[in-house]
Amino acid sequence: MRSEPFGRTRAGEAVTAHTLAAGGVTVDILDYGGIIRRIEAPDRAGHAANVVLGAADLAGYEASDAHFGALIGRYANRIARGRFTLDGHDHQLPANAGRNTMHGGPEGFDRRVWRVEAHEERRLTLGYRSPDGEQGFPGTLDVTVTYRLDPDGTLAIDYAAVTDRPTILNLTNHSYFNLAGEGAGDVLGHEVAIAADGVLVTDAEQIPTGAIAPVAGTPFDFRTPIALGARIRDAHPQIALAHGYDHTFVLAGDGTLRAVATARDRTSGRRLTVSTTQPGLQLYTANMLDGTVTGSGGTLYRAGDAVCFEAQGYPDAPNHPDFPSTVLRPGERFAATTTYRFSVDP
């Protein structure tokens with residue numbers, strides 16, 4: 001168990017980096033934004049490397065809109081024009097992605113310093129009280145997020161929240177994975193599998209239309225492992241809109257914790273298995289990284305240098321009654337778990 005200072009925010013708040021270690025895996029987490037700053041995992045030869053992208057320092061995290069490794073809320077992904085109606089009341093959120101609201105607005109949970117509620121050798125619990133009206137969301141929301149590193153090196157994230165007024169909630173983690181190692185170049189050779197028969201169709205602003213398209217016969221069919229780059233340049237309109245993959249996959253299963261995705265880097269032998277209780281998984285190939293951001297290892301990040309597996313509810317669900325509900329009411333307790341298991345293929 002280790003904690004050490006990680007600087008101060010522009011507003012003067014002290015930030016601490018907390019370390020968890022187990023099963024040959026080491027994870028560094030900031031109480032600023034709940035950011036997973038580093039994950040050191042071994043390759044088949046036993047050599048450890050950091051397998052997530054990040055900023056070089058706190059100022060880099062504050063300056064970036066990439067949400068590297070961050071805890072995203074109140075509402076992960078997009079809400080059309082920042083508007084939704086709940087129980088007959090209209091709510092307007094600040095727009096920060098064109099006309100739309102993205103990842104909770106310009107000052108979302110990833111921009112907050114969270115309180116440390118517990119820190120043990122293999123467990124860290126962060127808490128945050130989001131006041132009524134913060135970024136336009138109704139209700140005072142109390143959130144706790146626990147990071148657990150199991151003896152086999154599996155990183156689990158347990159989300160929990162309660163509210164005093166009806167509100168909407170969609171939490172996720174935005175880690176960028178490169179199993180060859182941070183700064184090692186693109187991940188288009190990573191073999192990926194996703195347990196999903198359907199994907200949400202989006203419009204030109206990447207807002208769901210409400211339609212679910214079958215993945216069969218399209219570049220979105222990851223039901224058997226295939227390299228990320230195998231079809232990323234196919235002339236498919238959805239690929240063109242997003243400049244790669246940036247789509248929500250409709251996960252099979254009943255909401256219990258189940259394996260939903262895997263990624264493998266053949267050269268290092270590292271394998272990542274993602275399990276979740278959530279109904280959706282956003283696959284994102286870091287399309288917005290443009291070679292202007294210097295990463296934690298001193299290299300410039302470019303599109304395709306990482307892949308994100310963001311387990312979450314559906315984007316814009318408050319405006320689509322047919323989507324799984326993201327409404328949280330007083331007396332209810334939101335709970336979700338996502339795990340990331342690191343292993344090595346022979």
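Each value in this text was obtained by applying a stated rule to the coordinates, not by laboratory testing. Everything numeric in this text was worked out from a predicted model, so none of it was measured. Methodologically, a virtual Cβ is constructed for each residue, glycine included, from the backbone with ideal geometry; neighbour enumeration extends over all protein chains shown.
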Between residue 325 and residue 132, what is the spin-label point distance in nm, taking each point 7 Å from the Cα along the Cα→C-beta axis? 2.1
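Once R0 is set to 45 Å, what does the formula 1/(1 + (r/R0)^6) return for the Cβ-Cβ distance between residue 116 and residue 216, expressed as a FRET efficiency to the nearest 0.05?
Values: r = 46 Å, r/R0 = 1.03.
My answer for the efficiency is 0.45.
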Which of [x] 29, 61, 10; [y] 29, 55, 14, 1; [z] 32, 62, 6 gives P(r) over Cα pairs in 20 Å bins from 0, in percent as computed here? It is [z]
Could you please state, rounded to a whole Å, how far the C-alpha centre of segment 1-61 is from the C-alpha centre of segment 119-140? 19
Could you give the length gained on full extension between residue 299 and residue 203, defined as 0.36 nm per residue of separation minus the Cα-Cα distance, in nm? 31.2 nm
For the chain, modelled as a GNM with alpha-carbon contacts under 10 angstrom, which of 60, 181, 104 fluctuates the most? 60
Only Cα pairs under 8 Å and at least 6 apart count here; give the relative contact order of segment 2-344 as a rounded whole percent. 18
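Quick one: net charge of residue 329's neighbours, Cβ under 13 Å, K/R +1, D/E -1?
Details: positive: 165, 333; negative: 87, 164, 332.
Charge balance near residue 329 sits at -1.
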Quick check on packing: order 211-218, 113-120, 29-36 by the mean number of other C-beta atoms within 10 Å, highest mean leading. 29-36, 113-120, 211-218
Using 0.36 nm per residue, how much length does the chain from residue 90 to residue 236 gain when fully extended, once their Cα-Cα distance is taken away? 49.0 nm
Mean-position separation - Cα centroids, segment 158-202 and segment 262-287, in angstrom: 8
